[in-house]
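Take a look at the structure below.
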Amino acid sequence: MTWIREELAAQASEKLAAFNRKLMPATQRQMLGVKVPVLRGMARRIAQTEWHRWFYDVSPDDSFEEIMLRGMVLGYARMDIENMLQGIRFYIQLIDEWALCDCAVATWKQLVRYPEEAFTLITSYLNSQCEFEQRTAYVMLLSHFCTSTYIVRTLDLLSATEPRGYYATIGLAWAVSVCYLKFPQLTLPLLKSDGLSVECRRFAIQKVIESRRATPEMRKLMQHVRQSIKKKQT
C-alpha cells in the first residue's frame, strides 16, 4: 500500500528520528521520526483495509515505523484468535528494539478474551534465548494479565523465568514493578526472594520508587528492601 509510505514521509521529522536513534541504537532499519499517536491513527485506518498481504510482505528496506505499524494493526484489526496468534508470532520475529515490542503489545487487548491461548503463547516465549522474544512475553503479562483474575498465574510465570539480555531483564523488572503497584502484598515476597536476580530486583524496586502510582509507604518499603539486598551482598 503505497499511501502508507507517502504518509509516513509526510509526517517524518529528522529531529525526532535522531532522538529515537539514540534511544534505540540496536535496530538496523531506517528511522523516519513519526510520532506514536500518528502511527496509531494510521494503524487504525490500515486495519479497515485488506491489510493481510501488506502485513506479511516485509521488505529489508521497510522503515522502523512500517514495522511498528504492523504490530499496532494486530490490535486494531478484526480477526479470530488463530489469525491473531499467527500474526503475533510473525511480528515478534521482526522485533529488534524495545519500542517495537512495547508500543505494539499495548494494543493487543483482545488477548484477554482468549486467556488460555494467550498464556500458551506467552509461555512459549518466556524461555526463549532471544531477549526481545522474552521481553514481549513479559510486556504481554504486565499489559493484559496483571489483574485480580490472573495475578497469581502471572507471578508464577514471572518467578519461574530467567531473562537473557538487558532488554529482557528490564522487561521482567517492569512487569514485577507493575504487579507490585497493583498487588503489593502478593508481589512483595517475589521482590524479597532470591528467585529474581539482584539486578532485576533493583530495577524493579527503582521503577516502583519512581512511579507516580507508588504511595509514600510503598517507596519507604522498597528502599528498605533495597537496603536488605545490599546487606546480603556484603
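The values are calculated or read from the model by the stated rules, or taken from the named source; none is laboratory data. For clarity, every value in this text was computed on a predicted model and none was experimentally measured. Cβ coordinates were reconstructed from backbone atoms using ideal geometry, including for glycine residues, and neighbour counts include every protein chain displayed. Please note that ligands, DNA and RNA were not included when accessible areas were found on the heavy atoms of the full protein model with its side chains. Shrake-Rupley method; radii C 1.70, N 1.55, O 1.52, S 1.80 Å.
Taking into account only those residues within the range 116-139 that are of a type outside the set (Lys, Arg) and under 20 Å from residue 191 (Cα atoms), which is nearest to the chain's Cα centre (by Cα)?
Step one: list which residues in the range 116-139 are of a type outside the set (Lys, Arg), which gives 116-134, 136-139.
Subsequent filtering for residues that are under 20 Å from residue 191 (Cα atoms) retains 126, 134, 137-139.
Details: 126: 13, 134: 9, 137: 7, 138: 7, 139: 4 Å.
That would be 139.
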Which residues, taken from the range 158-185, are within 17 Å of residue 108 (Cβ to Cβ) and either in contact with a Cys (Cβ under 6 Å, 6 or more places away or on another chain) or surrounded by fewer than 24 Cβ atoms within 10 Å (Cβ to Cβ) (or both)? 174, 178
Kindly indicate whether residue 188 is free of Cβ contacts under 8 Å to residues at least 60 places away in the same chain and open to solvent by less than 50 Å² (accessible area, probe 1.4 Å). yes
Return the pair list, or none, for Cβ contacts closer than 7 Å from residues in the range 141-156 that are free of Cβ contacts under 8 Å to residues at least 40 places away in the same chain and within 16 Å of residue 189 (Cβ to Cβ) to residues that are open to solvent by less than 10 Å² (accessible area, probe 1.4 Å) and of a type in the set (Asp, Glu), at least 6 apart or on different chains. none
Among the residues that make up the range 187-197, is at least one of them at pLDDT below 95 and more than 24 Å from residue 147 (Cβ to Cβ)? yes
Residues of the range 56-75 classified as surrounded by fewer than 19 Cβ atoms within 10 Å (Cβ to Cβ) and of a type outside the set (Val, Ile, Thr), total: 6
With the first residue restricted to the range 5-34 and required to be open to solvent by less than 40 Å² (accessible area, probe 1.4 Å), and the second required to be of a type in the set (Phe, Trp, Tyr) and part of a helix (DSSP H, G or I), Cβ contacts under 8 Å at 6 or more apart or on different chains are 20/64; 24/64; 24/98; 27/64; 31/64; 32/64; 33/19
So the check is Cβ under 8 Å with 6+ separation or different chains; which pairs have a first residue in the range 193-219 that's closer than 15 Å to residue 182 by Cβ and a second one that's part of a helix (DSSP H, G or I) and among the charged types (D, E, K, R)? 208/219
Checking residue 154 against (1) assigned to a helix (DSSP H, G or I); (2) open to solvent by 70 Å² or more (accessible area, probe 1.4 Å), the condition it does not meet: (2)
With the range 1-114 as the region, which helices (runs of 4 or more DSSP H) entirely inside it contain at least 3 residues that are more than 19 Å from residue 144 (Cβ to Cβ) and of a type outside the set (Gly, Ala, Ser)? 2-11, 14-23, 36-46, 52-56, 64-76
Against the condition out of contact with any strand residue (DSSP E or B) (no Cβ under 9 Å at 6 or more places or on another chain), modelled with pLDDT of 95 or more and not acidic (Asp, Glu), how does residue 60 come out, does it pass? no
Taking the stated definitions as given, is residue 228 assigned to a helix (DSSP H, G or I), at pLDDT below 95 and either under 17 Å from residue 98 (Cβ atoms) or not aromatic (Phe, Trp, Tyr) (or both)? yes
